[in-house]
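Undergrad: The structure follows.
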Amino acid sequence: MVMEEAKRLHARLLRRGERRLQPLLLRVLAAGDLRYAALLIESFPSSPPSAPLHNRLLHALASARHQLLLPVFSRAHRLRLLAPLSFTLLFSASAAASSSSTRFAVCAHALLIRSGHFASGGDPFLASALVSFYAKNRLLAEARRVFDELPRRDAAVYNALLSAYARGGLIDAAEKLFEEMPEKNVVSWTAMVSGYAQNGRHEKAVETFLEMWEKGGVRPNELTVSSVLPACAAVGAMELGRKVERYARGKGLLKNLYVANALVEMYAKCGSIRGAWKVFQGIGQQRDLCSWNSMIMAFAVHGLWREALVLFHKLRMAGVKPDGITLLGVILACTHGGLVDEGKLLFNSMREEFGLKPRIEHYGCMVDLLGRAGLLKEAEGLIVNMPVEPDAVIWGALLGACSFHGNIELAEIAVDKLMHLEPQNTANLVILSNIYASCGKWDGVAQVWKLLREKDHKKSAGYSFIELDGRMHKFLVEDKSHPRFEDVYETLDSITLIMKLINLENSEEEG
């Protein structure tokens, strides 16, 4: 409709002999017909459009990765219409583009240097856009080179490189750059929190968030909150998660679906199904598939299989199309409910009814479902006929079922596969030894422990987290690294003594 109006306007201008390009070009750009817009530019050779109009078209073409970007850009260069803003828009739009547009943007960088616009490095927006462009295309060496060549660096330029390091897993480089920053804002802190969380350093993510919040005097935004909540979930910091929720509610951040979904996930993983359900209900009609999946999976993982299946039915009634994660949660619910036939039906309907290709996680869940039901041969048959190579999780699920049902034959097959897939994980041999022992095969136990001695089997040191006043404390076996370890051991000795006295009193009463 908008494009038809634009064409009528173009025809009217041609009949009148008018050469007013601006209103027409803006109308065509609003309609999204970039090819028509580029042809309009070409049709006015004697009176070229202004630099702002060219910039609008360049930005639209770069954002759409359009093939006409190069000719339009070249024409703007010939007509001397390119300004620093032209390059800023170009690099910003090309930040996450294809390899072809990446090559074009690199050429544009060379042209920028030749034009002299970047000689002084005085435009912070252009500098930030250029660093971000290289960083988001994972050309970190080039991003760093541009960064180092800048005579002046503002917070935006620092944040562009910092975010790239954090996203790329270069945490050491990110930490060093973060410490060097003369001025840190919420974007800087969020980049570090997000980087730690995405790279599995959840304790550090929580610690950095608390430093920002309590000492740095920086208010978290939606991205900060949605980045720290998964870290809270990973270390079980539900008390901190609740504080974050109160803050988010007070600032109106729960209107952001990413924040709400992260909160559902946090409560679910910390074991508070009631908290997760309350947030889920509060999302209301804004729920997306991620919201439904988080809640279905929460019910399934905690053994509330009826609730998971009811919620799946509500999802279908709401017209939401499930994905692989949804089906994984529902099959897991069937596993906890012992619903073998229902689980099989769902698994087999993935392709036919939902158009989904089962992934290795779905096969692992089915092996667990069949194994728990004692259908070990059927589980083995499913593994053998898998279209992909079974991984350690698949064989581990079968081994777990063999341990429960005392099936030595399949346990030996599973352990043989596991020793090839993860030879350093001697826990699988320990499970096999326990299966032998439960079946009275002591010669098998001796053989396994001989193999364990050859592998120099050592049990990994266990550790636990305790949350106190919103802070996480980590304790290892025989640990002395905690600043208050002496108080901890003194308290443990007191508790042990009290337990022994109570046991002694109970023994005397029974006697």
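The values are calculated or read from the model by the stated rules, or taken from the named source; none is laboratory data. Given the structure is predicted, the values throughout are model-derived calculations rather than measurements. Cβ: placed from backbone, ideal geometry, glycine included. Neighbour counts: every protein chain shown. These area figures cover heavy atoms from the full protein model, side chains too; ligands, DNA and RNA do not enter into them. Shrake-Rupley method; radii C 1.70, N 1.55, O 1.52, S 1.80 Å.
Undergrad: Output the helices (runs of 4 or more DSSP H) that fall wholly within segment 285-404 and possess 1 or more residues being touching a Lys or Arg at 6+ places or on another chain (Cβ under 7 Å) and under 28 Å from Leu263 (Cα atoms), or say none.
TA: Numbers: elements: 289-301, 305-317, 324-337, 340-352, 360-372, 376-384.
Qualifying helices (runs of 4 or more DSSP H): 324-337.
Undergrad: Restricting to segment 271-286, what's the tally of residues that are open to solvent by 70 Å² or more (accessible area, probe 1.4 Å) and without any contact (Cβ under 8 Å) to a residue 12 or more places away in the chain?
TA: Counting residues in segment 271-286 that are open to solvent by 70 Å² or more (accessible area, probe 1.4 Å) and without any contact (Cβ under 8 Å) to a residue 12 or more places away in the chain gives 4.
Undergrad: Can you tell me which residue among Val225, Val187 is open to solvent by less than 10 Å² (accessible area, probe 1.4 Å) and of a type in the set (Val, Ile, Thr)?
TA: Only one candidate passes the filter, namely Val225.
Undergrad: Do you know which residues across segment 379-412 are hydrophobic (A, V, I, L, M, F, W, C) and in contact with a Cys (Cβ under 9 Å, 6 or more places away or on another chain)?
TA: Ala397, Ile408, Leu410, Ala411
Undergrad: Considering only residues that are farther than 16 Å from Ala379 by Cα and basic (Lys, Arg), which ones fall in segment 330-358?
TA: Passing the criteria: Arg351, Lys357.
Undergrad: Give me the pairs, please: first residue somewhere in segment 364-393 and on the phi > 0 side of the Ramachandran plot, second residue anywhere and of a type in the set (Ser, Thr, Tyr), beta-carbon distance under 9 Å, and either six or more positions apart or on two chains.
TA: Every condition considered, no pair remains.
Undergrad: Over 28 Å from His362 (Cα atoms), in contact with an Asp or Glu (Cβ under 9 Å, 6 or more places away or on another chain) and crowded, with 21+ Cβ neighbours inside 10 Å: is that true of Ala233 in this structure? Spell out the reasoning first.
TA: Values: over 28 Å from His362 (Cα atoms): no; in contact with an Asp or Glu (Cβ under 9 Å, 6 or more places away or on another chain): yes; crowded, with 21+ Cβ neighbours inside 10 Å: yes.
No, not satisfied.
Undergrad: Okay, next question. Collect the residues in segment 198-216 that are within 23 Å of Ser272 (Cα to Cα) and open to solvent by less than 10 Å² (accessible area, probe 1.4 Å), keeping them in residue-number order.
TA: Ala205, Val206, Phe209, Leu210
Residues are listed down the side, and each one gets a yes or a no for (1) closer than 20 Å to Gly275 by Cβ; (2) of a type in the set (Gly, Ala, Ser); (3) open to solvent by less than 10 Å² (accessible area, probe 1.4 Å); (4) more than 23 Å from the chain's Cα centre (by Cα):
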residue: Met295; (1), (2), (3), (4): yes, no, yes, no
residue: Val301; (1), (2), (3), (4): yes, no, no, no
residue: Arg306; (1), (2), (3), (4): yes, no, no, yes
residue: Leu309; (1), (2), (3), (4): no, no, no, yes
residue: Lys314; (1), (2), (3), (4): yes, no, no, yes
residue: Gly319; (1), (2), (3), (4): no, yes, no, yes
residue: Leu332; (1), (2), (3), (4): no, no, no, no
residue: Val340; (1), (2), (3), (4): no, no, no, yes
residue: Lys344; (1), (2), (3), (4): no, no, no, yes
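Undergrad: For residues that are aromatic (Phe, Trp, Tyr) and over 21 Å from Val330 (Cα atoms), scanning just segment 246-270, find the one that is most open to solvent (accessible area, probe 1.4 Å).
TA: Taking the candidates together, the pick is Tyr258.
Undergrad: Just to be sure I understand the filter: pairs with C-beta atoms under 8 Å, separated by 6 or more residues or on different chains, first member in segment 427-440 and part of a helix (DSSP H, G or I), second member of a type in the set (Asp, Glu) and open to solvent by 50 Å² or more (accessible area, probe 1.4 Å). Which pairs pass?
TA: Note: pairs meeting the criteria are Asn428/Glu422; Leu432/Glu412.
Undergrad: Leu356: within 20 Å of Arg287 (Cα to Cα) and either under 26 Å from the mean Cα position of the chain (by Cα) or modelled with pLDDT of 95 or more (or both), yes or no?
TA: In short, no.
Undergrad: Further, regarding this structure: Taking the criterion of being closer than 29 Å to Lys269 by Cα, among the hydrophobic types (A, V, I, L, M, F, W, C) and touching a Ser or Thr at 6+ places or on another chain (Cβ under 6 Å), would at least one residue in segment 363-373 satisfy it?
TA: Yes: one or more hits.
Undergrad: Quick check on my filter: what residues within segment 220-237 are out of contact with any helix residue (DSSP H, G or I) (no Cβ under 7 Å at 6 or more places or on another chain) and farther than 16 Å from Val264 by Cα?
TA: none
Undergrad: So if I check each of Arg219, Arg145, Arg153, which one is assigned to a helix (DSSP H, G or I), out of contact with any strand residue (DSSP E or B) (no Cβ under 8 Å at 6 or more places or on another chain) and open to solvent by 30 Å² or more (accessible area, probe 1.4 Å)? Show your work before the answer.
TA: Details: Arg219 fails: assigned to a helix (DSSP H, G or I); Arg153 fails: assigned to a helix (DSSP H, G or I).
None of the other options fit; the residue is Arg145.
Undergrad: Taking Leu126, is it in contact with a Pro (Cβ under 7 Å, 6 or more places away or on another chain) and in a helix (DSSP H, G or I)?
TA: Values: in contact with a Pro (Cβ under 7 Å, 6 or more places away or on another chain): yes; in a helix (DSSP H, G or I): yes.
Considered against the rule, which asks whether it is in contact with a Pro (Cβ under 7 Å, 6 or more places away or on another chain) and in a helix (DSSP H, G or I), Leu126 comes out as yes.
Undergrad: Turning to a different aspect of this structure: Is at least one residue of segment 147-162 modelled with pLDDT of 90 or more and in contact with a Pro (Cβ under 8 Å, 6 or more places away or on another chain)?
TA: Looking for residues that are modelled with pLDDT of 90 or more and in contact with a Pro (Cβ under 8 Å, 6 or more places away or on another chain), one finds none in segment 147-162, hence no.
Undergrad: Name every residue in segment 295-310 that is of a type in the set (A, V, I, L, M, F, W, C), more than 19 Å from His362 (Cβ to Cβ) and touching a residue at least 12 places away in the same chain (Cβ under 8 Å), in order of residue number. Step through it out loud before you land on a result.
TA: Of the residues in segment 295-310, the ones of a type in the set (A, V, I, L, M, F, W, C) are 295-301, 304-305, 308-310.
Cutting the leftovers down to more than 19 Å from His362 (Cβ to Cβ) gives us 295, 304, 310.
Listed by number, the residues that qualify are Met295, Leu304.
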